[in-house]
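To keep things clear, I will list the structure first and then write my remarks on it.
The values are calculated or read from the model by the stated rules, or taken from the named source; none is laboratory data. Quick caveat, the model's predicted, so the values are computed rather than measured. In this analysis, Cβ positions are derived from the backbone assuming ideal geometry, glycine residues included, and neighbour counts consider all displayed protein chains. Heads up: the accessible areas ignore ligands, DNA and RNA and are worked out on the full protein's heavy atoms, side chains in. Shrake-Rupley method; radii C 1.70, N 1.55, O 1.52, S 1.80 Å.
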Amino acid sequence: MSMFRRRLALAAAGVAVVGGAALGVYRLTDAADAPSAGEAVTLYDAHDARQVAGTADDVFAGEVVDRAGRRDIDGILSDLYRVRVERSFKGGLHGTVTVSSEQGATSLSPGASYVFATGRVPAHHTHAVLLETTPASYTSLTAPLGPRAAGEEAANRTVAEYWTWAVAHERDVVSG
């Protein structure tokens, strides 16, 4: 079983547990206070680059070439983008790849560059943006990371240095 499918199965089990708990909460609270069915359950902190890197199959920087349509990928309606890989931080991708992003997530702009954290979806020949993450836009990999990133580990680092550091210090929240 691939790492992505194992993580997907683990996430599905988590959804089942949380779903049962949510049903109990729903019955005890007003419907307006209950969690929405569309809320994602992740086992990682989407704001911690080390956990995102540890969960991803691939972490890479690339430029969006164009939008490549829409597809249902394992029950998730997704927008597809062709992305030219500029630099791979994890996973070794190169050339142009298809990236899927859940519909309703941030739309990616052709010509813009982003750092992507993705899981491989071999049956669809795509790389899915990890749930709850937003590809980080950048103008240059050698530019300072900027005020958006918090924490000591981000201080005085370029975009490339930060993601190299995050991959080198990744945290695998699935295996422990």
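Scan region 25-46 and give yes if some residue there is part of a loop (DSSP other than H, G, I, E, B), hydrophobic (A, V, I, L, M, F, W, C) and modelled with pLDDT of 90 or more, otherwise no.
No, region 25-46 has no match at all.
What number of residues within region 73-99 are closer than 21 Å to E132 by Cβ, without any contact (Cβ under 8 Å) to a residue 24 or more places away in the chain and part of a strand (DSSP E or B)?
Summing the residues that are closer than 21 Å to E132 by Cβ, without any contact (Cβ under 8 Å) to a residue 24 or more places away in the chain and part of a strand (DSSP E or B) in region 73-99 gives 0.
So, of the residues in region 112-139 that are over 15 Å from L80 (Cα atoms) and not aliphatic (A, V, I, L, M), which turns out to be surrounded by the most Cβ atoms within 10 Å (Cβ to Cβ)?
Among them, the one singled out is T133.
Identify, please: which residue in region 51-72 is open to solvent by less than 10 Å² (accessible area, probe 1.4 Å) and free of Cβ contacts under 8 Å to residues at least 60 places away in the same chain and is, among those, farthest from A117 (Cα to Cα)?
It comes out as V64.
Is it the case that E63 is acidic (D, E) and farther than 19 Å from D45 by Cα? I'd like the intermediate steps shown before the answer.
On the way: acidic (D, E): yes; farther than 19 Å from D45 by Cα: yes.
It is true that E63 is acidic (D, E) and farther than 19 Å from D45 by Cα.
Could you please let me know if E102 is over 11 Å from the mean Cα position of the chain (by Cα) and either buried (at least 21 other Cβ atoms within 10 Å of the Cβ) or touching a residue at least 12 places away in the same chain (Cβ under 8 Å) (or both)?
On the way: over 11 Å from the mean Cα position of the chain (by Cα): no; either buried (at least 21 other Cβ atoms within 10 Å of the Cβ) or touching a residue at least 12 places away in the same chain (Cβ under 8 Å) (or both): yes.
When the stated conditions are applied, E102 does not pass them.
Please find, within region 73-99, the residue that is nearest to L141 (Cα to Cα) out of those that are of a type in the set (D, E) and open to solvent by 50 Å² or more (accessible area, probe 1.4 Å).
First, pick out the residues of region 73-99 that are of a type in the set (D, E): 74, 79, 86.
Remaining after also requiring open to solvent by 50 Å² or more (accessible area, probe 1.4 Å): 74, 86.
On the way: D74: 33, E86: 9 Å.
Step by step, filter region 73-99, then rank; the result is E86.
Residue-wise test of (1) at negative phi; (2) under 14 Å from the mean Cα position of the chain (by Cα); (3) charged (D, E, K, R).
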{"residue": "E86", "(1), (2), (3)": "yes, no, yes"}
{"residue": "G111", "(1), (2), (3)": "no, no, no"}
{"residue": "F116", "(1), (2), (3)": "yes, yes, no"}
{"residue": "T139", "(1), (2), (3)": "yes, no, no"}
{"residue": "A143", "(1), (2), (3)": "yes, no, no"}
{"residue": "A155", "(1), (2), (3)": "yes, no, no"}
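Identify all residues within region 126-147 that are part of a loop (DSSP other than H, G, I, E, B) and modelled with pLDDT of 90 or more; write none if there are none. Break it down stepwise before answering.
Filtering region 126-147 down to residues part of a loop (DSSP other than H, G, I, E, B) leaves 130-135, 139-143, 145-147.
Of everything in region 126-147, those that are part of a loop (DSSP other than H, G, I, E, B) and modelled with pLDDT of 90 or more turn out to be L130, P135, T139, S140, L141, T142, A143.
Determine, yes or no, whether G111 is modelled with pLDDT of 90 or more, in a loop (DSSP other than H, G, I, E, B) and not aromatic (F, W, Y). Talk me through it step by step, then tell me what you get.
Details: modelled with pLDDT of 90 or more: yes; in a loop (DSSP other than H, G, I, E, B): yes; not aromatic (F, W, Y): yes.
It is true that G111 is modelled with pLDDT of 90 or more, in a loop (DSSP other than H, G, I, E, B) and not aromatic (F, W, Y).
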